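Below is one structure; the comments refer to it alone.
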Amino acid sequence: MSILRKVFSDFHVSNFYRITGSKLLPVRVGYSTTSSTSSQPKDDLPAENLTNPYQKEKRRCVLCKYNVKVDYKNARLLSQFLSPFTGKVYERNITGLCKAKQRSVEREIIKSQNAGYLAVMLKKVEYIRDPKLCDPNRPVRPHRY
């Protein structure tokens, strides 16, 4: 403690604060209280119009992203949006499709089932081991219920 007193003998706590009305504000050492922008170099200014590096990439519909045309004859693609146990169409919160593509997929599935390309109640056995486009256990968007 005595070493600190010898080193900082001429410093007092009140020298580090300026009095404004009833409040004590800390004084910045090395800065003047008057603002002068002309003394700052141009290189030291922050860059403008930078993108946020922590912002997540916006989620896009898989079919829109790769510009896939949905056709009722493509039973292998349409079977990706059907439940293998019930044969029902997965909803948007599970598939991650946009409204327009979800509507067109549902329409094409009905066409495909009427034409005989897709089974009505169950998924065809050949399509069970296909890679999954959507996982019903991990929905893209949480369901509101």
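The values are calculated or read from the model by the stated rules, or taken from the named source; none is laboratory data. Computed from a predicted model, the values in this text were never measured in an experiment. Heads up, the Cβs are rebuilt from the backbone with ideal geometry, glycines too, and the neighbour counts pull from every protein chain shown. Just so you know, the surface numbers come from the protein's heavy atoms only, side chains and all, with ligands and any DNA or RNA stripped out. Shrake-Rupley method; radii C 1.70, N 1.55, O 1.52, S 1.80 Å.
Can you work out ³J(HN,Hα) from phi for every residue in the range 129-138, in order, using Karplus 6.51 cos²θ - 1.76 cosθ + 1.60 and θ = phi - 60°, giving whole Hz and x for Gly and Pro?
8, 5, x, 7, 8, 9, 10, x, 7, 10
Sequence-distant or interchain residues sharing an amide H contact under 5 Å with residue 119, placed H: which?
Answer set, sorted by chain and number: 124.
As I understand it, the dipole of the range 72-145 uses +1 on the Cβ of Lys and Arg and -1 on the Cβ of Asp and Glu, about the Cα centre. Which of 104, 134, 122 lies farthest toward its positive end?
104
Could you provide, to the nearest whole Å², the per residue accessible area of the range 88-145 with probe 1.4 Å? Present the calculation step by step, with values, prior to reporting the outcome.
On the way: 4350 Å² over 58 residues.
For the range 88-145, the solvent-accessible area averages 75 Å² per residue.
Using Cα-Cα distances under 8 Å and only pairs 6 or more residues apart, what relative contact order does the range 80-145 have, in percent? Walk me through the numbers before you get to the answer.
Numbers: 62 pairs, mean separation 33.0, N = 66.
Once normalised by length, the contact order is 50 percent.
For the range 45-130, what relative contact order do you get, as a whole percent, if you take Cα pairs closer than 8 Å and at least 6 residues apart?
Values: 69 pairs, mean separation 29.6, N = 86.
Relative contact order, the range 45-130: 34 percent.
Assuming 0.36 nm per residue, please report the length gained on full extension of the stretch residue 52 to residue 111 beyond their Cα-Cα distance. Could you put the intermediate results ahead of the total?
On the way: separation 59, 0.36 × 59 = 21.24 nm, distance 4.46 nm.
Result: 16.8 nm gained on full extension.
Please turn the phi angles of the range 74-87 into ³J(HN,Hα) values with the Karplus equation 6.51 cos²θ - 1.76 cosθ + 1.60 (θ = phi - 60°), one per residue in order, whole Hz, x for glycine and proline.
8, 5, 5, 5, 5, 5, 5, 9, 10, 6, x, 9, 10, x
Report the full-extension gain for the segment residue 140 to residue 91: residue separation times 0.36 nm, less the Cα-Cα distance, to one decimal in nm. Intermediate values should be presented prior to the final figure.
Numbers: separation 49, 0.36 × 49 = 17.64 nm, distance 1.05 nm.
Here the answer is 16.6 nm.
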